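Dumping the structure here so I can ask a few things about it.
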Amino acid sequence: MPFLLQTCGPNPGTAYPVFQECLLGRNSDCDVVVPHDSVSRHHARIVSLGEYYVVEDLNSRNGTKLNNLVIQGRCQLSDGDMLRLSAVEFEFREKTAPRVPSDQILDCDTDFAHLEPSSPTVQLSLDMQPRFDVARIGLTAQAKLHALLDITQNLGRCFSQPKIFDQSMDCLLAMIPNAEYTCIGLRDEHGHLSRIVSKSPQRSQTQNRISRSIAEQAMRSKKAILSQDALHDPRFRHQKSVSQLQIRSIMCAPLVDDNGEAFGAVQVETGNWLRPFHQEDLELLMGIAAQTAMAITVARLHEKELRRRTMERDLELAASVQRDLLPKQAPAIAGYEFADHYRPAEIIGGDYFDYVSTPSNNLAVIVADVAGHGIAAAISMSKLSAEVRLLTSSMQSPGEVLTELNDNLWRQHLDSRFITLLIAVLDPRTHLVTLSCAGQMPPLVRLRSGRLVEPDRENYGPPLGALERVRFVEHQFTMQPEDILVLYTDGITEAANTEGEFYGIDRLRSQIVGASSAKAIRDGIISDLAQFMGEQPPEDDMCLVALGRQLV
């Protein structure tokens, strides 16, 4: 943080922090109070314009000089510039104020375990004798207020946690002159202080360390801690971190979120026993810690929202890819009608259907269901669809396809992530249907007479990948005019309404029996499902394929 070092005037050697806007003058409401009769009440102003600072004269009686030149309007400040207000002169520094040991011995008898914020008029002023030639900080109540407002504005615009850490620690080092080291520690998902960042005026001293015992106590009690002599403090003198690091005076404030949970801590340390921390220092730390905690909470929410948006974009892309894997349109086979429906429970799903031409110019109709739904099921489904299409387009028998798939999946050790799949191969010349089933819902055939049958249900095989060396049998039947074959997944029969009741096989059967075509069956089931479920979202993916032989 930039500062003004008084080189000539009533308080030579005093350093004043420069915030976003810094008012200089004789009046008590100024950020830098210059008690000299030649200085106007409101003499000059320093303003931050982002990357640099400017100074302007406020129509003062004796004028303002920059490097011995009278300024008019706004003039840019650079490191080392000399700013003169009548008889008082300052040097503008862009780096943090220097810190050197003081020969003044302060009272160290009082120990504060917890201090409530006091009146905002409390002043912190460590007056050093000029004969010691040390840098001194003149920090008025107004300067404190401006500092807190300044960091609040800066942190409010910051959504990066590393930048929040930097700004908070820079502010602490600038406002607490005897601070030799400051750090921020955050808890990980296991509740341990694992993420630690630190700063020191002497960069070589920065080791990203923290006194965990003191930080844990502050987080546990949710109270700020001040110890003026930690080495002899009965609370901490047996802690290795205190003795090993030779910490003399230490302050620690918890970082508490809006739910009242402590998720980290801010520590400030000094090894100089001549200049311990006091109540005013702790009050500043508490104020900055509160602003830091709020900024980190907001940054985490921002990061979470960005991850959510990224995930949504990825899911939309995955859904688009998945839609491309599904048939764009139903097959056009003379004398046959096809109708299908697919609805994932989430943006992407694990159910799958396809139409594949075989080497003998037959049509394979495939319906599959990967255990579960969402991203994992969709990835498995994408891999499965490619493998099924490859095998189906190169083999004559659906039983052989399922046997080969099962062997491949068994070698992959899918555990409980089984796959159910049914293949029905239609020969449109002879109207013969050859089907083989691996754990899929039994297909329903609505005969011309209106009766429903389940072809060869007792010979269906287990889900793919569940057992080793399974040979899947086949069943054949001939499609008669006006017969309709319906293939579906359990997401339809197990769809629930707001009362927790399942749609069920009987209600599905009633929709199939009462329809006159494949499209009528599909549309009737979709409409009836919507009426049954109401506002209840689906808990599983839904897939339906109906094919019917038309009456010529």
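Pick from S28, S48: which is touching a Cys at 6+ places or on another chain (Cβ under 9 Å), of a type in the set (G, A, S) and under 22 Å from M175 (Cβ atoms)?
Of S28, S48, the one residue that is touching a Cys at 6+ places or on another chain (Cβ under 9 Å), of a type in the set (G, A, S) and under 22 Å from M175 (Cβ atoms) is S48.
Against the condition over 26 Å from S510 (Cα atoms) and either at pLDDT below 90 or open to solvent by 30 Å² or more (accessible area, probe 1.4 Å) (or both), how does G465 come out, does it pass?
It is true that G465 is over 26 Å from S510 (Cα atoms) and either at pLDDT below 90 or open to solvent by 30 Å² or more (accessible area, probe 1.4 Å) (or both).
Right, something else. Quick one: A15 ticks every box in (1) open to solvent by 40 Å² or more (accessible area, probe 1.4 Å); (2) among the small types (G, A, S); (3) part of a strand (DSSP E or B) except a single one, so which number is it?
Of the numbered conditions (1) open to solvent by 40 Å² or more (accessible area, probe 1.4 Å); (2) among the small types (G, A, S); (3) part of a strand (DSSP E or B), the odd one out for A15 is (1).
From (1) at pLDDT below 80; (2) open to solvent by 10 Å² or more (accessible area, probe 1.4 Å), pick out the condition that doesn't hold for F263.
For F263, the failing item is (1).
Continuing with this model, one more query. Give the number of residues within the range 517-527 that are polar (S, T, N, Q) and touching a residue at least 24 places away in the same chain (Cβ under 8 Å).
1
Continuing with the same structure: So is Q322 out of contact with any Gly (no Cβ under 9 Å at 6 or more places or on another chain), within 25 Å of I423 (Cα to Cα) and not β-branched (V, I, T) or not?
So Q322 does not fit the description; no.
On to the next question. Suppose the filter is open to solvent by 50 Å² or more (accessible area, probe 1.4 Å), more than 15 Å from C252 (Cα to Cα) and at pLDDT 85 or above; does D188 pass it?
no
To keep it simple, each residue is scored yes or no on (1) modelled with pLDDT under 95; (2) in a helix (DSSP H, G or I); (3) within 28 Å of H431 (Cα to Cα).
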| residue | (1), (2), (3) |
| --- | --- |
| E499 | yes, no, no |
| L508 | no, yes, yes |
| I521 | no, yes, yes |
| I525 | no, yes, yes |
| G548 | no, no, yes |
| L551 | yes, no, yes |
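Here is a further query. Looking at this structure, is V445 out of contact with any Ser or Thr (no Cβ under 6 Å at 6 or more places or on another chain), open to solvent by less than 40 Å² (accessible area, probe 1.4 Å) and among the aliphatic types (A, V, I, L, M)?
Criteria met by V445.
Residues being assigned to a strand (DSSP E or B), farther than 17 Å from Y352 by Cβ and open to solvent by 20 Å² or more (accessible area, probe 1.4 Å): count how many of those fall in the range 377-436.
Final tally of qualifying residues: 2.
Which one of G80, G73, G50, G63 is small (G, A, S) and surrounded by 12 or more Cβ atoms within 10 Å (Cβ to Cβ)?
Only one candidate passes the filter, namely G63.
Quick test for you: out of R61, R74, R45, pick the one residue that is among the basic types (K, R) and in contact with a Ser or Thr (Cβ under 8 Å, 6 or more places away or on another chain).
Only one candidate qualifies: R61.
I'm trying to understand the selection: among the residues of the range 300-347, which are open to solvent by 90 Å² or more (accessible area, probe 1.4 Å) and assigned to a strand (DSSP E or B)?
Within the range 300-347, just R343 meets the criteria.
Can you tell me which of (1) closer than 21 Å to Q480 by Cα; (2) part of a loop (DSSP other than H, G, I, E, B); (3) of a type outside the set (D, E, K, R) is the one Q440 doesn't meet?
Unmet for Q440, out of (1) closer than 21 Å to Q480 by Cα; (2) part of a loop (DSSP other than H, G, I, E, B); (3) of a type outside the set (D, E, K, R): (1).
Ok, one more. List pairs: first residue in the range 395-413 and at pLDDT below 90, second residue surrounded by fewer than 17 Cβ atoms within 10 Å (Cβ to Cβ) anywhere in the structure, Cβ distance under 6 angstrom, at least six positions apart or on different chains.
Going by the 6 Å Cβ cut-off, the qualifying pairs are W410/E468.
When you scan the range 200-215, do you find a residue that is in contact with a Gly (Cβ under 7 Å, 6 or more places away or on another chain) and either modelled with pLDDT of 90 or more or open to solvent by less than 80 Å² (accessible area, probe 1.4 Å) (or both), even just one?
yes
Go through the range 348-376 and give me each residue that's under 29 Å from the mean Cα position of the chain (by Cα), in a loop (DSSP other than H, G, I, E, B) and at negative phi.
I348, G349, G350, A371, H373
Let me ask another. Taking the range 491-508, which residues are touching a residue at least 40 places away in the same chain (Cβ under 8 Å) and over 20 Å from K519 (Cα atoms)?
Within the range 491-508, E494, A495, A496 qualify.
Another question, if that's okay. Which members of the range 533-552 meet the condition of being open to solvent by less than 40 Å² (accessible area, probe 1.4 Å) and over 23 Å from I348 (Cα atoms)?
Across the range 533-552, the qualifying residues are L547, G548.
Look at the range 477-497 and say how many of its residues are within 39 Å of the chain's Cα centre (by Cα), in a strand (DSSP E or B) and surrounded by fewer than 19 Cβ atoms within 10 Å (Cβ to Cβ).
Counting residues in the range 477-497 that are within 39 Å of the chain's Cα centre (by Cα), in a strand (DSSP E or B) and surrounded by fewer than 19 Cβ atoms within 10 Å (Cβ to Cβ) gives 1.
Tell me, which residue of the range 18-46 that is under 38 Å from the mean Cα position of the chain (by Cα) and open to solvent by 20 Å² or more (accessible area, probe 1.4 Å) is modelled with the lowest pLDDT?
Q20
The values are calculated or read from the model by the stated rules, or taken from the named source; none is laboratory data. Model, not experiment: these values are computed from the prediction. So basically every Cβ, Gly included, is an ideal-geometry build from the backbone, and we count neighbours across all protein chains shown. Each accessible area value is taken on the protein alone, full model and side chains, heavy atoms only, with ligands, DNA and RNA left out. Shrake-Rupley method; radii C 1.70, N 1.55, O 1.52, S 1.80 Å.
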